[in-house]
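The values are calculated or read from the model by the stated rules, or taken from the named source; none is laboratory data. Keep in mind that what you see is a predicted model, and the values were worked out from it rather than measured. Note that each Cβ is placed from the backbone with ideal geometry, even for glycine, and that neighbours are counted across all protein chains shown.
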């Protein structure tokens, strides 16, 4: 009765290896890590840099290529039952943890059902669709779902569902476990040393389960808190890799032009960072749909893209990123049109009440973007008052809906049910989190479409519902979409095959190598 | 030292303890006035969160308790020299601070010595060559270093010496991955130390130079100096033994101030040169709302200030025996 069989025939070696010249073994790579992560324990901290470093120590059951197609890693194959409600995973045999213990189905069940269910907020939401996780034998795991859950197959990258050692965590206080300071995974690199404030040192896993990998011997992640100093460190050749977003945008063109500098925007497909303006849907002039539409028409997004983002990225058409699944490209477009904006404001009778515009304290680019938006808004007659704050203050103000207009960018996690719906569902409106429906948008019809789309089967039905929802959202403008961001990774060209998955740097170094 | 002096020092130490306690309580309330809390920051960085997660964090950190209770816990722990656990690294605050202490002391200590030696020397030379070209050169240079923002100077130094000349490393405290030992390690750290220590030291060098110069010129016009000269004493001995010794008092005062900043005064330099010190730890803790860590750094910095004020007062009476310490 097994219907869909995937992955089984694909060789175990992760993708693309043969495209390049014969990889060479050996060498050291120096990478920038900014900001310094709170921990490398990827199951409890999902901070960006925890994932960047930890993704080379830990592994998920699957690895996703740049088209978001899953490939075998710790699972060799998997199948879904005809009704879409039972998933069976077959695990790779002969895999050992960094401490020599074997990796089995017991680890998978423990990781997902016990540890991550308690510690990982993002996964917990999806696990609501999972009734039971069982291990009939040492290398088989069966998931029983209460409904077919479309995005299920996209849950298994290392940042969402890392495999964690049961023999170390079972029965302990997870957050206080000493192994959090000395992480033990199955990945291509083992943890060596972390000098707080200076560097994190990882070394090749000699017993890695994929034969011939990794090629790199040593991996150093350097903590350099100042953005300009990070650029200098790359210029002097002391740093080989600047992960996307680790230098200021205005330094990107200069660094890209250095001898030996290579640039790629790949490796963000799974996250597909989507930037928008939060618009308070509950209070103030922004509560009026016409005002929000006027904001869309008022913004010169092409200008921001070319000046602030060095032309990297894409103008966002709506709530769903064009590189992820279920994007509808028939959506109408809000072009830059100050006249239309003015007309809409006049129609609603906007009286010139100033709106509070809060910058996002994430560096220079966002500061400047706020200035651009301020100028755009004032050109159509919207008066603004700038509000400045730091990260903690910004989180709180967004969570409490204590703003009129502000910025953000959120990850899409490869599926609208994982990364998009959370921003628009009225059931997700509770205050207290800056990643919820923080704008306070309520549309019961959209709620229904989005909720249904997560659980209907097969994908063609999902696509239909997501299209409807996208069209309605674009009409309502709950938030003003800005851009699909691209963060160029700048690296020394001697590093080969650096980015070859949809999560880029986060699991890059197992397959990368250095040309001597 | 006389009994009276020792009693004086003991009295000052007791008063210092009370001051520290008051500062700790004041700081406790001060940092809670900032919006947001550590749970929100941690959850915020994670990119996704829910109420359960925030609640878990707040319980873990003890932030779900009433504020007066949190203060009581904090102060009573502090009395037992326990500064608590950092929220972020899950390490004892004291251990984390001690881990960073050597790096900061090395940097600020080097800058302190550099600025004292260089500053006093420049001041003495300028005073001796009063109204001559060397005096002008020193005065103008001191003015420039006094007025230049530290971070700009640091960036320019890194660009010139690291990128353009490629003589000195631009970040970190040692070459990572080389595992040097013995003299090679000393040399390696020394090379890394030059740029940050020079950048940090230049401001106070300028201050000391100007202070010493002015004070020397003033003192040299006093009667006892004329007497010494009239006795037929060698000019160099007059300068070092009569003028300099008397001119040093204001410099000692300033040095006491600078010494108080040995722990927390190098935030900018440590940030630009990625020096793994306490200043950076404090700065990051501030933005992460890591209350325990921040309070810990504040506590140790204020203890240093109290301590060095006392040391300065003791040094006064060594430099100038006419000054007596008394309650």
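Just to be sure before I move on: is residue B:128 more than 12 Å from chain A (Cβ to nearest Cβ), more than 25 Å from the chain's Cα centre (by Cα) and within 18 Å of residue B:211 (Cβ to Cβ) in the structure I sent?
Yes: the conditions hold for residue B:128.
Checking the conditions here, which among A:197, A:244, A:237, A:212 is under 30 Å from residue B:154 (Cβ atoms), surrounded by fewer than 17 Cβ atoms within 10 Å (Cβ to Cβ) and not assigned by TED's automatic domain parsing to the domain that holds residue A:67?
A:237
Which ones in the range B:179-213 are in a helix (DSSP H, G or I) and at positive phi?
Listed by number, the list holds a single entry, B:182.
Test residue B:277 against the criterion of being surrounded by 20 or more Cβ atoms within 10 Å (Cβ to Cβ) and within 30 Å of residue B:60 (Cβ to Cβ), and give yes or no.
Working: surrounded by 20 or more Cβ atoms within 10 Å (Cβ to Cβ): yes; within 30 Å of residue B:60 (Cβ to Cβ): yes.
In short, yes.
Would you pick out the residues in the range A:361-373 that are crowded, with 17+ Cβ neighbours inside 10 Å and either within 14 Å of chain B (Cβ to nearest Cβ) or at positive phi (or both)?
The one that is crowded, with 17+ Cβ neighbours inside 10 Å and either within 14 Å of chain B (Cβ to nearest Cβ) or at positive phi (or both): A:361.
Where in the range A:408-514 are the helices (runs of 4 or more DSSP H), entirely inside, with at least 3 residues that are touching a helix residue (DSSP H, G or I) at 6+ places or on another chain (Cβ under 7 Å) and more than 26 Å from residue B:42 (Cα to Cα)?
A:444-455, A:459-476
If a residue has to be farther than 21 Å from residue A:303 by Cβ and without any contact (Cβ under 8 Å) to a residue 24 or more places away in the chain to count, how many in the range A:344-386 make the cut?
Of the residues in the range A:344-386, 3 are farther than 21 Å from residue A:303 by Cβ and without any contact (Cβ under 8 Å) to a residue 24 or more places away in the chain.
Kindly indicate whether residue B:161 is within 14 Å of chain A (Cβ to nearest Cβ), assigned to a loop (DSSP other than H, G, I, E, B) and surrounded by 12 or more Cβ atoms within 10 Å (Cβ to Cβ). Give the steps one after another, and end with the answer.
Values: within 14 Å of chain A (Cβ to nearest Cβ): yes; assigned to a loop (DSSP other than H, G, I, E, B): no; surrounded by 12 or more Cβ atoms within 10 Å (Cβ to Cβ): yes.
Taking the combined requirement at face value, the residue does not satisfy it.
If I filter the range B:203-217 for residues that are over 26 Å from the mean Cα position of the chain (by Cα) and either modelled with pLDDT of 85 or more or within 14 Å of another protein chain (Cβ to nearest Cβ) (or both), do I get at least one hit?
yes
For the range A:170-210, what are the residues that are in a loop (DSSP other than H, G, I, E, B), more than 14 Å from chain B (Cβ to nearest Cβ) and in contact (Cβ under 8 Å) with a residue 12 or more places away in the chain?
A:170, A:184, A:185, A:186, A:187, A:188, A:205, A:207, A:208, A:209, A:210
Residues that are surrounded by 21 or more Cβ atoms within 10 Å (Cβ to Cβ) and at pLDDT below 95: does the range A:170-179 have at least one?
We begin by selecting, within the range A:170-179, every residue surrounded by 21 or more Cβ atoms within 10 Å (Cβ to Cβ); these are none.
Scanning the range A:170-179 turns up no residue that is surrounded by 21 or more Cβ atoms within 10 Å (Cβ to Cβ) and at pLDDT below 95.
Considering every residue within the range A:341-360, establish whether at least one is within 14 Å of chain B (Cβ to nearest Cβ) and surrounded by fewer than 22 Cβ atoms within 10 Å (Cβ to Cβ).
yes
Of the residues that make up the range A:439-446, is at least one touching a strand residue (DSSP E or B) at 6+ places or on another chain (Cβ under 6 Å) and in contact (Cβ under 8 Å) with a residue 40 or more places away in the chain?
yes
Which of the residues spanning the range B:64-97 are out of contact with any strand residue (DSSP E or B) (no Cβ under 9 Å at 6 or more places or on another chain) and within 13 Å of chain A (Cβ to nearest Cβ)? Explain how you work it out, then say what you get.
Looking only at the range B:64-97, we keep the residues that are out of contact with any strand residue (DSSP E or B) (no Cβ under 9 Å at 6 or more places or on another chain), and these are B:64-81, B:87-90, B:94-97.
B:87, B:88, B:89, B:90, B:95, B:96, B:97, listed by residue number.
For the range B:239-246, state whether one or more residues are loosely packed, with under 14 Cβ neighbours inside 10 Å and either within 29 Å of the chain's Cα centre (by Cα) or farther than 20 Å from residue B:315 by Cβ (or both).
There is at least one residue in the range B:239-246 that is loosely packed, with under 14 Cβ neighbours inside 10 Å and either within 29 Å of the chain's Cα centre (by Cα) or farther than 20 Å from residue B:315 by Cβ (or both).
Any residue at all in the range A:115-128 that is within 14 Å of another protein chain (Cβ to nearest Cβ) and farther than 19 Å from residue A:45 by Cα? Before you say what the answer is, go through the steps one by one.
Going residue by residue through the range A:115-128, those that are within 14 Å of another protein chain (Cβ to nearest Cβ) are A:115-128.
Cutting the leftovers down to farther than 19 Å from residue A:45 by Cα gives us A:128.
Scanning the range A:115-128, I find at least one residue that is within 14 Å of another protein chain (Cβ to nearest Cβ) and farther than 19 Å from residue A:45 by Cα, so the answer is yes.
Have a look at A:279, A:258 and point out the one that is farther than 30 Å from residue B:283 by Cα and touching a helix residue (DSSP H, G or I) at 6+ places or on another chain (Cβ under 6 Å).
A:279
Suppose we filter the range A:374-406 for residues that are in contact with a strand residue (DSSP E or B) (Cβ under 7 Å, 6 or more places away or on another chain), more than 14 Å from every other protein chain (Cβ to nearest Cβ) and not in a loop (DSSP other than H, G, I, E, B); how many remain?
Of the residues in the range A:374-406, 7 are in contact with a strand residue (DSSP E or B) (Cβ under 7 Å, 6 or more places away or on another chain), more than 14 Å from every other protein chain (Cβ to nearest Cβ) and not in a loop (DSSP other than H, G, I, E, B).
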